[in-house]
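One structure below.
Each reported figure results from applying straightforward, stated rules to the coordinates on display, with no laboratory input. The structure presented is a predicted model; accordingly, all values stated were derived computationally and were not measured. Cβ sites come from the backbone with ideal geometry, for glycine too, and all protein chains shown count toward neighbours.
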């Protein structure tokens, strides 16, 4: 996921990440389920949903189908290590990328958040995952 990390680093990170007026920075270190529920209630939805069976799905989701089935906004998950996953949600052109760690969908914890432009988010999906 090195190429993806470079694009994530390029996403805007100045100041607190606000989503629909909600300061999401306090969610770092908290369960992703909590932040996800808050973002969805604020009108955020998956930026893109990967279709099962496609090469993009196989490359992004690896063996983390539990994550995909619970959170279809998943953009990529590592197959090893800390179980890193990235999620991309949007609302009226406002795009938030959430990086998590955790071994299962139920144990995902927010590690980082970034605001991205829609064009930056599109580039995330164009990167090969490794």
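Want the number for residue 41 to residue 126: 0.36 nm per residue separation, take away the alpha-carbon distance, what's left?
Extending this stretch completely gives an extra 27.7 nm.
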- Would you list 38, 114 from fewest to most Cβ contacts within 10 Å? 38, 114
- Task: Determine the relative contact order of the range 65-112: mean sequence separation of Cα pairs under 8 Å and six or more apart, normalised by residue count, in whole percent.
- Result: 28 percent
- Message: To make sure I understand, if each residue's beta carbon is the centre and we count other beta carbons within 10 Å, what order do 85, 116 fall in, fewest to most?
- Response: 116, 85
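At a Förster distance of 22 Å, what's the computed FRET efficiency of residue 91 paired with residue 63, Cβ-Cβ distance as r, to 0.05?
Taking R0 as 22 Å, the efficiency between residue 91 and residue 63 is 0.15.
When the expected Rg is taken as 2.2 N^0.38 Å, what fraction or multiple of it is the alpha-carbon Rg of the range 25-130?
Details: Rg = 12.6 Å, N = 106, 2.2 N^0.38 = 12.9 Å.
Normalised Rg, Cα atoms only: 0.97.
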